[in-house]
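Report on one structure; see the data block that follows.
Nothing in this text is a laboratory measurement; each read-out follows from the coordinates by a stated rule. For clarity, every value in this text was computed on a predicted model and none was experimentally measured. Every residue, glycine among them, receives a Cβ derived from its backbone with ideal geometry; neighbour counts consider all protein chains shown.
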Amino acid sequence: MKTINWKNAIIAGILGTILFDIVGLLLTGNWWDIPVLLGAKTGLGFAYGIGGHYGNGILLAILFAGLEPSLWGPKWLRPIIFVTAEMVALVWLFMLPLLGAGVAGLDASPMMPLITFLRHIAYAIPLIFLISYNQKDITSK
């Protein structure tokens, strides 16, 4: 049985979100596009958008840390499977249509599925190293 390393999960969530944002900047030329969008759509402003965006990244890393021992595949592949499933279910089929961008964001840009995929793969990198390969086994006696 494994236990969540909370510090590593929080750090992985922050670092993953930073990598997500860097890839977004490299691919779109926009820095912090998600926080701007969150702040505008909620009417709560840019600071809320940053908190929501990074809070979401942290919560997803904690969720992954809890689920990781139950996921299929080698340790390096588990975060990729997790972020891909999360992206399809929550981003492509829920968030982007809700924002008026259509399924997978195709109404906004034919490149949106690739951009969102690459951003999420970047997010997974710290999960591989800080969670998949650093969770401690605990044994009950």
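Per-structure values
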{"item": "Chain lengthening between Ile115 and Trp6 when straightened (0.36 nm per residue, less Cα-Cα)", "result": "36.3 nm"}
{"item": "Karplus 3J(HN,Hα) series, Hz, for the range 109-124 with 6.51 cos²θ - 1.76 cosθ + 1.60 (x for Gly, Pro)", "result": "6, x, 8, 4, x, 5, 4, 5, 5, 5, 4, 6, 5, 4, 4, 5"}
{"item": "Footprinting exposure proxy for Thr116, Thr42 (fewest neighbouring C-beta atoms within 10 Å first)", "result": "Thr42, Thr116"}
{"item": "Long-range amide H partners of Lys2 with built H, under 5 Å", "result": "Ile138"}
{"item": "Separation of the Leu59 and Val88 label points, Cα + 7 Å toward Cβ, nm", "result": "2.3"}
{"item": "C-alpha long axis of helix 33-42 to longest principal axis of the chain, angle in °", "result": "70"}
{"item": "For the range 67-139, alpha-carbon Rg over 2.2 N^0.38 Å", "result": "1.30"}
{"item": "Fraction of alpha-carbon pairs over 27 Å apart in the range 2-135 - percent", "result": "17"}
{"item": "Residue exposure sequence - Tyr133, Tyr48, Tyr54 - by fewest surrounding Cβ within 10 Å", "result": "Tyr133, Tyr48, Tyr54"}
{"item": "Net charge of Cβ neighbours under 13 Å - reference Ile81; Lys, Arg +1; Asp, Glu -1", "result": "0"}
